[in-house]
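Heads up: the structure comes next, in structure tokens.
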Amino acid sequence: MTADLDSLSVLALYSAMAVYALAFVGFAIDLARRSSPPLVDQATSHSATLNMSARVGTAPTLTLPPQTTTETGATKPPARSTAARVATSLTVLAWTLQIGATALRGVVAERLPWANMYEFSLTGTVVIVGVYLGLLTRIDLRYLGTFITGLTLVLLGISTVQYYVPVSPLPPALQSYWLVIHVFVAIVATGFFAIGFALSFIQLASARQRETTAIKRLATLLQSLPTAEKLENLAYRVNIIGFILWTFTLIAGAIWAERAWGRYWGWDTKEVWTFIIWVLYAGYIHARATAGWRGSRSAWLGIVGFAAVLFNFGIVNVFFTGLHSYSGL
Amino acid sequence: MGGSSVAAIPLGPGGWLRWMWRQLTSMRTALLLLLLLALAAVPGSLVPQRSADPNGVTQYFTNNPDLAPILDSVQAFDVYTSVWFSSIYLLLFVSLIGCIVPRTIHHARALRAAPPRTPARLNRFDAYRHDTLDRPLTPAEITDAATRLLKGDRYRVIRFEQPARDGTAEASVSAERGYLRETGNLVFHTSLIGILIAVGLGGGFGFTGQRVIVEGQSFINTLASYDSFNPGRFFDPANLDRYSLSLDRFTVDYEQRNRKALGQPIDYTADVTTRWQESGKTDSATIKVNEPLRVGATDIYLLGNGYAPQITVRDPAGNIVFTDDVPFLPQDSNLTSLGVIKVPDGLAQQVGMVGFFYPTQSTLASGAYTSIYPDLEYPLLTLNVYQGDLGLDAGNPKSVYALDTSTLTQLTGGTTEVKSIELEAGQSQDLPGGMGTVSLDSVKRFASFEVHSDPVQGWVLLFSILVLGGLLTSLFIPRRRIWVKTSTTADGAVTIETAGLARGDDPRLQPAVSHLHERLLKALDMASAPVTGAAEPSPTPTGEKETR
């Protein structure tokens, strides 16, 4: 019975990954469209959109006349893109499937599904996509779709191949409500940092593009995105939410460590890296208020910060010895 | 004096100090120190640390005999107490203090000061709205309404009236809010200093001690009865609470249903009794992982467990020369355990034994024994016997978990071609050479406890919560100034201008200004009557926000 449910969970996960892959393709087509040279008149623009929708396999009736080929004679690509819309819907579908997979895993295990690397990756990517979709309802971040779905696919791919373990009970050290709080908040923080990272990355590309226009298609693509300054402000807002959550993770972790190990801080490898990440993002926030460090330099700090987050998750958990080594990996 | 060059003004010692202080407390230096701190923390995760993993350090020295002393000379095994790590964070905190003291003074003044004068031209701000009305409203009526609205939004408000000039009358309201943002910022940084001080000083008053207790035995909370003890710098052993702790029972639940996780421990329970020595008051309690027991000013944590076989050695006449529950250290997840028995007196020579204990013994293809399940299903004890000098008489302290075989002769097992002694529970066997007998009477469990006292950790928690609270207020409460200005021209037209200025990151300034402006028009019951209007972006976006 449990084995059946567990394989159902894995099946749902594979389906979710397949749909994420389709969503990735959709977002990539959207980016390709953004990077194609500006269209000259309404007629060509219209037919291009129709072609696009036919290619991704949606009903042509869905295609609305592009809105931006309006007064100015279409110097920028249409804001509404069928490819991006389809990709967003697919992402929601894949996310729903993945939530099902994760919830089933929790049902089988009779506990919360984040006690080992496999489950942590599962829940982690659910939350990253969730944060992304949540932000999407307020800000148009569809240009980050390839990054988010791509990252999710890579993480899920690695974890299903490398870290899949059969369901096992929670070891006594993890039997604490702090597992719910500490780990979950850490995952949500990671979701915000991931989006901040992607924004900073585009910001850097955008700032560089201002200097060189060597790759024409890239330049066109970047012109369709918000300006570097807007991206920087957006990245900052996303990252400070991540930073607050990370601060909470650090404090909650210390409280749990005090309960479980008898000391609130002991420079365990995972504690060290959590501290390093906290300091890096503190640096990022201060950089925005430091003369000469706004703009690209602070963006680099955000990128280094997220690299440390990934390192903490992918390398420290697996290759470093410490108290945080996950059960059965 | 007519110096030859502008740059040649000599700095006296005081000048140099001031220059250095200014450098240290600059934002750029603080940022560099922060990044340096992150970088300096990295090596401590790459190399084992004495504080967290002393055995790892010993192992590292064995594995890297050439590299380890070099690393040790730069304190790579004590990164977080090293001179270089400490100097980075101390410099950072000095820089921090140098930053927050003047800011606190400045903020204290700002808290009592009135909002600044209304700027002459409001249309140079990014967040700007204006409307012209044709209703005959006096400037006072408009500023009254604006004041009421702004005060309702918890702004600090001050009004300015300008005397009429060339037929125009002008009045304005200057408002500011969000002082809590800076307060939160200062609380955040001050609390970080609080944490540093609490950790630095407070660590000195506490202690940690470890002790192994076998089921049925007890431990008295005195310095001498700890297996290991790490006191803080200012700790006084006289302050140890006078109680004893006995381990009545230690229970482990193993997974038995899930085939893929068979034998995985799912619960540890230590049933204990504490007894206060003066009052004789006793209490029964349980200690679990994640559920420490508070006794007096100390917390008692369950850290580890294992088996303690009761072993008895008799001389040829049958007199008991040794009997004890000997804690064996677990070597793997199925609790194959290693222990040492030392019999210094009573036999013809001193005898040492190295034992392996298998809770559920099985034989590998190679013929070696192993344990296949952590519970006592088929327990077996094997003993390799040594005789000679145990090295105890020199008075040097020796580990009870290790046997120095350099002055001993092996009698069974290994290369001696004499089979190791094998005992099931209740069995007895002869020692080689007719020295006597050894028996395995029973097998108990032991638990290892950590006793911990940290009188300041409550302070650390308090400061941590203040850090989080300060962070939230400093990042999410917007500090902004808003001005409403009204002017009446000679022909009776009334203009209302609303402008806002963000102090710090404030993505919602524009909507806030628009919202206020519209509410003001509504309050004046004029929403329907604007002659011209709408939000126009200012022609020259050179607001104060942009100048940096």
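Okay, here's what the table says:
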| item | result |
| --- | --- |
| Out of A:237, A:259, A:217, sole residue that is under 19 Å from the mean Cα position of the chain (by Cα) and of a type in the set (D, E, K, R) | A:237 |
| Check on residue B:453, in contact (Cβ under 8 Å) with a residue 12 or more places away in the chain, surrounded by 19 or more Cβ atoms within 10 Å (Cβ to Cβ), of a type in the set (S, T, N, Q) and within 30 Å of residue B:302 (Cα to Cα) | yes |
| In the range A:149-191, the residues that are facing chain B (nearest Cβ under 8 Å), of a type in the set (Gly, Ala, Ser) and either in a helix (DSSP H, G or I) or under 30 Å from residue A:23 (Cα atoms) (or both) | A:173 |
| Some residue of the range B:199-212 being in a strand (DSSP E or B), among the hydrophobic types (A, V, I, L, M, F, W, C), at pLDDT 90 or above and more than 26 Å from residue B:448 (Cβ to Cβ) | no |
| Residue within the range A:99-110 that is at pLDDT 90 or above, more than 22 Å from residue A:32 (Cβ to Cβ) and outside any helix (DSSP H, G or I) present | no |
| Matching residues, the range A:223-244, being in a helix (DSSP H, G or I) and more than 10 Å from chain B (Cβ to nearest Cβ) | A:223, A:228, A:229, A:230, A:231, A:232, A:235, A:238, A:239, A:242 |
| Selection count where residues are away from chain A (no Cβ under 12 Å) and touching a Phe, Trp or Tyr at 6+ places or on another chain (Cβ under 6 Å), scope the range B:197-222 | 8 |
| Candidate set: the range B:484-503, residues that are farther than 22 Å from residue B:525 by Cβ and under 58 Å from the mean Cα position of the chain (by Cα); chosen: the one surrounded by the most Cβ atoms within 10 Å (Cβ to Cβ) | B:500 |
| Residue within the range A:252-273 that is under 29 Å from residue A:204 (Cα atoms) and more than 10 Å from every other protein chain (Cβ to nearest Cβ) present | no |
| Residues located in the range B:1-50, provided they are at pLDDT below 85, part of a loop (DSSP other than H, G, I, E, B) and touching a helix residue (DSSP H, G or I) at 6+ places or on another chain (Cβ under 7 Å) | B:11, B:25 |
| Strands (runs of 3 or more DSSP E) (entirely within the range B:276-351) containing at least 2 residues that are more than 30 Å from residue B:458 (Cβ to Cβ) and more than 14 Å from every other protein chain (Cβ to nearest Cβ) | B:298-314, B:320-325, B:337-343 |
| Enumeration of residues in the range A:291-313 that are within 12 Å of chain B (Cβ to nearest Cβ), buried (at least 19 other Cβ atoms within 10 Å of the Cβ) and either aromatic (Phe, Trp, Tyr) or not in a helix (DSSP H, G or I) (or both) | A:293 |
| Any hit, the range B:435-447, residues being assigned by TED's automatic domain parsing to the domain that holds residue B:382, surrounded by fewer than 19 Cβ atoms within 10 Å (Cβ to Cβ) and within 29 Å of residue A:264 (Cβ to Cβ) | no |
| For residue B:254: the one exception among (1) closer than 30 Å to residue A:168 by Cα; (2) within 27 Å of the chain's Cα centre (by Cα); (3) not acidic (Asp, Glu) | (2) |
| Top-ranked residue of the range A:124-151 - restricted to ones that are buried (at least 23 other Cβ atoms within 10 Å of the Cβ) and of a type in the set (Ser, Thr, Tyr), ranked as nearest to residue A:99 (Cα to Cα) | A:125 |
| Residue list for the range A:32-56, filter: modelled with pLDDT of 85 or more and surrounded by 19 or more Cβ atoms within 10 Å (Cβ to Cβ) | A:33 |
| Tally, over the range B:236-251, of residues that are in contact with a helix residue (DSSP H, G or I) (Cβ under 6 Å, 6 or more places away or on another chain) and either of a type in the set (Phe, Trp, Tyr) or outside any helix (DSSP H, G or I) (or both) | 0 |
| Residue tally, condition β-branched (Val, Ile, Thr) and closer than 12 Å to residue A:227 by Cα, over the range A:192-210 | 1 |
| Condition met for residue B:226 (assigned by TED's automatic domain parsing to the domain that holds residue B:274 and surrounded by 14 or more Cβ atoms within 10 Å (Cβ to Cβ)) | yes |
| Filtered residue count, the range B:252-275, keeping only those that are in a strand (DSSP E or B) and either on the phi > 0 side of the Ramachandran plot or of a type in the set (Phe, Trp, Tyr) (or both) | 2 |
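So that you can scan it fast, the table gives a plain yes or no per residue for (1) of a type in the set (Gly, Ala, Ser); (2) touching a residue at least 40 places away in the same chain (Cβ under 8 Å); (3) in contact with a Leu (Cβ under 9 Å, 6 or more places away or on another chain); (4) surrounded by fewer than 16 Cβ atoms within 10 Å (Cβ to Cβ):
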| site | (1), (2), (3), (4) |
| --- | --- |
| B:359 | no, yes, yes, no |
| B:371 | yes, no, yes, no |
| B:379 | no, yes, yes, no |
| B:390 | no, yes, yes, no |
| B:412 | no, no, yes, no |
| B:420 | yes, no, yes, no |
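The values are calculated or read from the model by the stated rules, or taken from the named source; none is laboratory data. Everything quoted here is computed from the prediction, not taken from an experiment. Virtual Cβ from ideal backbone geometry, glycine too; neighbours counted across all protein chains shown.
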